[in-house]
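Before any comments, here is the structure.
Rule-based calculations on the coordinates, nothing more; no lab input. Quick caveat, the model's predicted, so the values are computed rather than measured. Glycine gets a Cβ as well: all are built from the backbone with ideal geometry, and neighbour counts include every protein chain shown.
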Amino acid sequence: MELTAEIEAIRDGLGDPARLLGEFRRAVLLVPLAEGPDGGLMSAVSGGIRWIYAFTDEEALARFAQARGEAESAREWDYLSVLGARLADAVVPMADRPAGVVVNVADDDGSMFFPPVAGIVPDANAVDLAGPGEVA
């Protein structure tokens, strides 16, 4: 089953979280590049968490551009193709704060958040695991 189908199954209450995570890790996702001098991957911060935007296909990325009011602009949306596993295991640890991945964020019924918790991101970056002297 592909990632979008697993997301749909989870949202319908019929999915398996482990299968969803496996599909996320195997999926090739489109991650838009941020404009401006700092560049990097496009993301947003909410609740102290940096959410990296990722999309399952160009159509989902186009819906995101449209939701931002940028579909008709002359802006070219450059992006990288990245495995979900690479985002979780290599990109999240490089973030300036706790980070997770949000897939197809502009799709009301098809988006899914992969938060910075144990089992999704490396334990060292999981906000739900307490280190010595820390509170989870």
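Given labels modelled 7 Å from the Cα in the Cβ direction, how far is it in nm from residue 59 to residue 118?
3.9
What FRET efficiency do you get for residue 8 and residue 89 if R0 is 25 Å and r is their Cβ-Cβ distance, rounded to the nearest 0.05?
Efficiency for this residue pair is about 0.50.
Taking R0 as 41 Å, what's the FRET efficiency between residue 68 and residue 18 from their Cβ-Cβ distance, rounded to 0.05?
Result of the calculation: an efficiency of 0.80.
Among 53, 106, 116, pick out the residue whose Cα is farthest towards the positive end of the charge dipole of the stretch 28-122, where Lys and Arg carry +1 and Asp and Glu carry -1 on C-beta, about the Cα centre.
116
Given the stretch 1-117, what percent of its DSSP beta bridges are antiparallel, to the nearest 5?
Close to 75 percent.
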